[in-house]
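Student: Quick one: structure below, then a few questions.
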Amino acid sequence: MASDGLTRLGDGKYLLVTTFKRDGTAVPTPVWIARDGEALYFWTVTDSGKVKRIRNNGRVQLAECDFGGKPLGDTFEGQARILDADGSDRARSLIQSKYGLVGRITMLGSRLRRGSEGTIGVEITVDAPA
């Protein structure tokens, strides 16, 4: 079942990634997503709240969503982990490939604003429906 969910989540345009604060409060955020093998990848600002929350607790909930973060399907449980520099480069490359010209322009703008270390990749493995 997780594999079926992995395909649906990874093929969507946006993914709602819900991370959790130390007190258990859920914080949902829509992100661009790319799938490679048995994992999903996204990128974000290195010092963002979601990176801090994932470092504290890698448990996430995932759902297909629209641009504004409105869920469009089932919710799945998953585990997220912050990637090293090589893994982050791979995540950026996957996003650029999936989102084409818009993805490449967005990555370029991000690199110009924040430098190459201003963003970081995140890998997610999907466990099962929530």
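Student: So which residues in region 79-94 are of a type in the set (Asp, Glu) and free of Cβ contacts under 8 Å to residues at least 24 places away in the same chain?
Tutor: First pass over region 79-94, keeping only residues of a type in the set (Asp, Glu): 84, 86, 89.
Selection gives Asp84, Asp86.
Student: Restricting attention to region 107-130, and to residues there that are part of a helix (DSSP H, G or I) and crowded, with 16+ Cβ neighbours inside 10 Å, which single residue is modelled with the lowest pLDDT? Working first, answer last.
Tutor: Taking region 107-130 first, the residues part of a helix (DSSP H, G or I) are 107-114.
Narrowing the set further to residues that are crowded, with 16+ Cβ neighbours inside 10 Å leaves 107, 110.
Working: Met107: 76, Ser110: 72.
By that ranking, first place goes to Ser110.
Student: When you go through (1) hydroxyl-bearing (Ser, Thr, Tyr); (2) modelled with pLDDT of 95 or more; (3) under 15 Å from the mean Cα position of the chain (by Cα) one by one for Thr7, which number turns out not to apply?
Tutor: So Thr7 meets the others, but not (2).
Student: Next up: Checking Phe76 against (1) free of Cβ contacts under 8 Å to residues at least 40 places away in the same chain; (2) touching a helix residue (DSSP H, G or I) at 6+ places or on another chain (Cβ under 9 Å); (3) of a type in the set (A, V, I, L, M, F, W, C): exactly one of these is not met. Which one?
Tutor: For Phe76, the exception is condition (1).
Student: If the requirement is being over 11 Å from the mean Cα position of the chain (by Cα) and under 28 Å from Gly109 (Cα atoms), which of these qualifies: Gly73, Gly24, Gly12? Can you show your working first?
Tutor: Numbers: Gly73 fails: under 28 Å from Gly109 (Cα atoms); Gly24 fails: under 28 Å from Gly109 (Cα atoms).
When all the criteria are applied, what remains is Gly12.
Student: Please give the strands (runs of 3 or more DSSP E) falling wholly within region 3-64 in which 1 or more residues are free of Cβ contacts under 8 Å to residues at least 24 places away in the same chain, touching a Leu at 6+ places or on another chain (Cβ under 6 Å) and surrounded by fewer than 22 Cβ atoms within 10 Å (Cβ to Cβ).
Tutor: Values: elements: 14-20, 26-32, 34-36, 39-45.
So the answer is 26-32.
Student: Starting from residues that are within 19 Å of the chain's Cα centre (by Cα) and aliphatic (A, V, I, L, M), keep the ones in region 98-115 and report whichever is nearest to Thr46 (Cα to Cα).
Tutor: Met107
Student: Also: Kindly provide the set of residues from region 73-88 that are assigned to a helix (DSSP H, G or I) and surrounded by 14 or more Cβ atoms within 10 Å (Cβ to Cβ), ordered by number. Steps first, answer last, please.
Tutor: Here is the first cut: in region 73-88, the ones assigned to a helix (DSSP H, G or I) are 85-88.
Once the filter is applied, which keeps residues that are assigned to a helix (DSSP H, G or I) and surrounded by 14 or more Cβ atoms within 10 Å (Cβ to Cβ), region 73-88 yields Gly87, Ser88.
Student: Let me ask you something else. Can you work out which of the residues in region 44-96 that are at pLDDT 95 or above and of a type in the set (Val, Ile, Thr) is farthest from Val122 (Cα to Cα)?
Tutor: Looking at the filtered set, the residue picked out is Val60.
The values are calculated or read from the model by the stated rules, or taken from the named source; none is laboratory data. Quantities reported herein were computed from a predicted structural model and do not represent experimental measurements. Methodologically, a virtual Cβ is constructed for each residue, glycine included, from the backbone with ideal geometry; neighbour enumeration extends over all protein chains shown.
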